[in-house]
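Visitor: First, the structure itself, so that you have it in front of you.
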Amino acid sequence: MKLFAFCILFSCTVFAQNDYPKDYFRSPLDIPVQLSGNFGELRPNHFHAGFDFKTMQKEGFNVYAVADGYISRIKISTFGNGKTIYIDHPNGYTSVYGHLQKASDSIETFIKKTHYKEQSFEIEMFYKPNEIPIKKGQLIAFSGNTGASEGPHLHFEFRDTKTEKIINPMLFGFQKFLRDTTKPIVSGVYVYPLDSKTSVNQSMRPLLLNMTLQKDGTYLSDKVIANGKIGFGIIANDFDDVSFNKNGVYKVQSYLNGTPNFGYQFDTYSFDDMRYVNALIDYSKYKKTDQRVQKLFMKKPYALNFIVTDASYGVTQVVPNLSSVCRIEVSDFYNNQTVVSIPIEYDLLSTIIEPESKTSSYFIKSSKDNNFAKENMSVFFPANTFYDDFDMNFDVKNNVLYLHEDTVPAHSNFTITIVDSLFTEAQREKIFIGRIEDNKINYNTTYRKANVFTARSKTLGQYKLILDTIAPKISILKPIAGKWLTGVKNIQLTISDSLSGIKSYNGYLNGKWILFEYDNKTKKITHNFSDGIVAEGTNDLKVVVIDNVGNSTTFETHFFRSQKK
């Protein structure tokens, strides 16, 4: 009873919004605001950390500082948010601008100097308050498609400067830039039997419930007839009136007989919360069908800070002589709401659909360390690697480690160890532990001590030792050997590696290191002559690419160029 009272009090605390400034920040763009992604949206292995602003499928739109402040950090990465600028504001918040094409002139000068100083495309710089001051509305960059972006857009975030917690931009008044009169759409409601004795509507497997629209605009699902512990899950998305694409929902709250028992609201969270998205969703169903069912229960509690629950953790115990109703409310930030009611009754109906068969003789107790070994391979799972207990398939066949399958999410790293007796000492210098998925090999950072190889991973699946003696490839679309490139703006090459992947690349012009920007989507590297390294007349170009096990390829050519106009 004390825990229940605590959770209800905690609910009021968590779902209460802080007094964020509503008119302090402007939009970072001067084009109409449309979202291709919103705050808290469910993404692979993370919750989305901000807004994705559409840029009409184009790059190069002006990006402005949303308020006075100073640039505190600039990060240039081949993955993630790509080219990113961070601005600290005097009111205690930080704004973040990602996937940029490039910074504005004066800021780009700072960045370019650092590239050449560190002789690296990937850099990270931190600045003091007086180094790059910024005014509200100042042009700071141009929108782009860098990093892991899947199309041109601006990724935008707010963070608490001290804690680095991410905050929903809507809380800063950004709802005024959009129009939303559309209710969230609940496209599926699932009921889950939660122990080996429970059946639901004569099934011991999760079931999709039919829903009927009622006159009052709510939905009524099929009656649930069960005899034990059950939980519910939903597939839900939100739409606004101007963006025309699916986004994530803002708030979900479930009630059992009128009493709240499980809920969450996307106001703010930390980066430590991100991977818990795999606990919130039915991960197995997602990996098999690409559908994300948001579970409104916890079989075992996990520490996702913005979830609020009662002592049952959203689990409903169906007992004789008591009919119940589960009510699920799904809301957006504008208080548009969709409601689903689910009637629940107890009955011992005969089971028609049996649970999925399990062939494994291994069992993971998630709260304890687990170690498994066979032949020359072993795996160690520290306590709390997984969210729930489960039956695990573990085997070694033909020098392949069969480590279940990627239908059970791992929250933290586990360690794979393989002892080699097949390769020569020279070959071992070129070996890594690879994960095999759909006939593709994924590289894992691998450590070797004599003939013992270890790697850490967060993904179950098939693993084996991979010998990589294939050097990276370098190609140029338009050969430039012996040609005059006067008037040409840049040089572009394609670099790739078929097994372990590219670890580093470096370009040199007449013996001097030059900046090549890398686009991981196209595998192209580009040097712009505007950097000022190119010489009058003859120029010798050299590019060296090294993969993750040390294989290297060198590309050399020469060309001519005149700077005279």
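The values are calculated or read from the model by the stated rules, or taken from the named source; none is laboratory data. Here the structure is a predicted model, which means the values were calculated and not measured. Neighbour counts are summed over all protein chains in view; Cβ atoms, including those assigned to glycine, are modelled from backbone coordinates with ideal geometry.
Visitor: If we scan region 372-381, do we find a residue that is farther than 30 Å from residue 422 by Cβ and either assigned by TED's automatic domain parsing to the domain that holds residue 203 or part of a loop (DSSP other than H, G, I, E, B) (or both)?
Guide: no
Visitor: Go through region 343-359 and give me each residue that's out of contact with any Pro (no Cβ under 8 Å at 6 or more places or on another chain), over 16 Å from residue 196 (Cα atoms) and not acidic (Asp, Glu).
Guide: 343, 344 - these are the residues of region 343-359 that are out of contact with any Pro (no Cβ under 8 Å at 6 or more places or on another chain), over 16 Å from residue 196 (Cα atoms) and not acidic (Asp, Glu).
Visitor: Tell me whether region 339-346 contains one or more residues that are among the acidic types (Asp, Glu), out of contact with any Asp or Glu (no Cβ under 6 Å at 6 or more places or on another chain) and closer than 21 Å to residue 286 by Cα. Give the steps one after another, and end with the answer.
Guide: Applying the first criterion (among the acidic types (Asp, Glu)) to region 339-346 yields 345.
Keeping just the survivors that are out of contact with any Asp or Glu (no Cβ under 6 Å at 6 or more places or on another chain) gives 345.
Then keep just the ones that are closer than 21 Å to residue 286 by Cα; that gives none.
Checking region 339-346: not a single residue is among the acidic types (Asp, Glu), out of contact with any Asp or Glu (no Cβ under 6 Å at 6 or more places or on another chain) and closer than 21 Å to residue 286 by Cα.
Visitor: Also, quick follow-up: Can you pull out the residues in region 370-402 that are closer than 20 Å to residue 299 by Cβ, touching a residue at least 40 places away in the same chain (Cβ under 8 Å) and aromatic (Phe, Trp, Tyr)?
Guide: Within region 370-402, just 387 meets the criteria.
Visitor: Same structure again: Out of the residues in region 233-251 that are touching a Ser or Thr at 6+ places or on another chain (Cβ under 8 Å) and part of a strand (DSSP E or B), state the one that is surrounded by the most Cβ atoms within 10 Å (Cβ to Cβ).
Guide: Top of the filtered list is 238.
Visitor: Still on this structure, please answer the following. Of everything in region 196-224, what is part of a loop (DSSP other than H, G, I, E, B) and among the polar types (S, T, N, Q)? Give them in sequence order. Quick ask: steps written out before the conclusion?
Guide: Going through region 196-224, the residues part of a loop (DSSP other than H, G, I, E, B) turn out to be 196-199, 201-202, 204-206, 210, 214-218, 222-223.
Selection gives 196, 198, 199, 201, 202, 210, 214, 218.
Visitor: Quick check, is residue 109 surrounded by fewer than 16 Cβ atoms within 10 Å (Cβ to Cβ) and among the β-branched types (Val, Ile, Thr)?
Guide: Spelling it out, residue 109 is indeed surrounded by fewer than 16 Cβ atoms within 10 Å (Cβ to Cβ) and among the β-branched types (Val, Ile, Thr).
Visitor: Looking at (1) farther than 30 Å from residue 379 by Cα; (2) charged (D, E, K, R); (3) within 35 Å of the chain's Cα centre (by Cα), which one does residue 483 not meet, given that it meets all the others?
Guide: Looking at each condition in turn, residue 483 falls short on (3).
Visitor: Scan region 176-232 for residues that are buried (at least 16 other Cβ atoms within 10 Å of the Cβ), of a type in the set (S, T, N, Q), at pLDDT 95 or above and farther than 20 Å from residue 293 by Cβ and report the count.
Guide: 1
Visitor: Still on this model: What are the residues in region 118-167 that are acidic (Asp, Glu) and either over 17 Å from residue 48 (Cα atoms) or free of Cβ contacts under 8 Å to residues at least 24 places away in the same chain (or both), if any?
Guide: Once the filter is applied, which keeps residues that are acidic (Asp, Glu) and either over 17 Å from residue 48 (Cα atoms) or free of Cβ contacts under 8 Å to residues at least 24 places away in the same chain (or both), region 118-167 yields 118, 122, 124, 131, 150.
Visitor: Test residue 104 against the criterion of being under 19 Å from residue 51 (Cβ atoms), surrounded by 15 or more Cβ atoms within 10 Å (Cβ to Cβ) and in the same structural domain as residue 58 (by TED's automatic domain parsing), and give yes or no. Break it down into steps so the answer makes sense when it comes.
Guide: Details: under 19 Å from residue 51 (Cβ atoms): no; surrounded by 15 or more Cβ atoms within 10 Å (Cβ to Cβ): yes; in the same structural domain as residue 58 (by TED's automatic domain parsing): yes.
For residue 104, the condition - under 19 Å from residue 51 (Cβ atoms), surrounded by 15 or more Cβ atoms within 10 Å (Cβ to Cβ) and in the same structural domain as residue 58 (by TED's automatic domain parsing) - is not met.
Visitor: Hey, another quick one. Quick check on this structure: which one of 538, 469 is loosely packed, with under 14 Cβ neighbours inside 10 Å, of a type in the set (Val, Ile, Thr) and not in a loop (DSSP other than H, G, I, E, B)?
Guide: Answer to the selection: 538.
Visitor: Quick test of your reading of the structure: residue 532 fulfils all but one of (1) touching a Ser or Thr at 6+ places or on another chain (Cβ under 9 Å); (2) surrounded by fewer than 15 Cβ atoms within 10 Å (Cβ to Cβ); (3) farther than 30 Å from residue 424 by Cβ. Name the failing condition by number.
Guide: (1)
Visitor: Further question: Go through region 420-446 and give me each residue that's within 20 Å of residue 403 (Cβ to Cβ) and surrounded by 14 or more Cβ atoms within 10 Å (Cβ to Cβ).
Guide: 420, 431, 432, 433, 434, 435, 436, 441, 442, 443, 444, 446
Visitor: If you scan region 109-127, which residues turn out to be of a type outside the set (Ser, Thr, Tyr) and at pLDDT below 95? Let's see the steps before the verdict.
Guide: First, pick out the residues of region 109-127 that are of a type outside the set (Ser, Thr, Tyr): 110-113, 115, 117-119, 121-126.
Correct list: 110 only.
Visitor: Residue by residue through region 50-101, note down the ones that are in a strand (DSSP E or B), surrounded by fewer than 22 Cβ atoms within 10 Å (Cβ to Cβ) and under 17 Å from the mean Cα position of the chain (by Cα).
Guide: Residue satisfying the conditions is 96 alone.
Visitor: In addition: In region 508-562, what residues are among the aliphatic types (A, V, I, L, M), touching a residue at least 40 places away in the same chain (Cβ under 8 Å) and more than 28 Å from residue 81 (Cα to Cα)?
Guide: 541
Visitor: Then there's this: Within region 275-349, which strands (runs of 3 or more DSSP E) (wholly inside it) include 3 or more residues that are assigned by TED's automatic domain parsing to the domain that holds residue 206 and touching a Gly at 6+ places or on another chain (Cβ under 8 Å)?
Guide: It comes to 307-309.
Visitor: Is it the case that some residue within region 269-292 is of a type in the set (Val, Ile, Thr), buried (at least 22 other Cβ atoms within 10 Å of the Cβ) and closer than 30 Å to residue 94 by Cα?
Guide: Yes, that holds for at least one residue.
Visitor: Is one or more of the residues making up region 131-143 more than 26 Å from residue 60 (Cβ to Cβ) and either surrounded by fewer than 19 Cβ atoms within 10 Å (Cβ to Cβ) or in contact with a Phe, Trp or Tyr (Cβ under 7 Å, 6 or more places away or on another chain) (or both)?
Guide: Taking every residue of region 131-143 in turn, at least one turns out to be more than 26 Å from residue 60 (Cβ to Cβ) and either surrounded by fewer than 19 Cβ atoms within 10 Å (Cβ to Cβ) or in contact with a Phe, Trp or Tyr (Cβ under 7 Å, 6 or more places away or on another chain) (or both).
Visitor: Output the residues belonging to region 91-108 that are small (Gly, Ala, Ser) and at pLDDT 95 or above.
Guide: Matches in region 91-108: 92, 95, 98, 103, 104.
Listed here are the residues, each with its yes/no results for (1) under 24 Å from the mean Cα position of the chain (by Cα); (2) farther than 18 Å from residue 88 by Cα.
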{"residue": "114", "(1), (2)": "no, yes"}
{"residue": "118", "(1), (2)": "no, yes"}
{"residue": "124", "(1), (2)": "yes, no"}
{"residue": "129", "(1), (2)": "no, no"}
{"residue": "133", "(1), (2)": "no, no"}
{"residue": "136", "(1), (2)": "no, no"}
{"residue": "166", "(1), (2)": "yes, no"}
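Visitor: List every residue pair whose Cβ atoms lie under 8 Å apart, where the two residues are 6 or more positions apart in sequence or sit on different chains, the first residue falls within region 206-233 and is outside the structural domain of residue 313 (by TED's automatic domain parsing), and the second residue, located anywhere, is assigned to a strand (DSSP E or B) and at pLDDT 95 or above.
Guide: none
Visitor: Could you look through region 139-155, keep only residues that are part of a strand (DSSP E or B) and of a type in the set (Gly, Ala, Ser), and pick out the one that is nearest to residue 105 (Cα to Cα)?
Guide: Within region 139-155, the match that is nearest to residue 105 (Cα to Cα) is 141.
Visitor: Then there is this: Mind checking which pairs have a first residue in region 188-204 that is on the phi < 0 side of the Ramachandran plot and a second that is modelled with pLDDT under 90 and not in a loop (DSSP other than H, G, I, E, B), Cβ under 9 Å, 6 or more apart or different chains?
Guide: 199/353; 203/353; 204/353
Visitor: What number of residues within region 237-291 satisfy the criterion of being among the β-branched types (Val, Ile, Thr), more than 27 Å from residue 390 (Cα to Cα) and touching a Lys or Arg at 6+ places or on another chain (Cβ under 7 Å)?
Guide: Total satisfying the criteria: 2.
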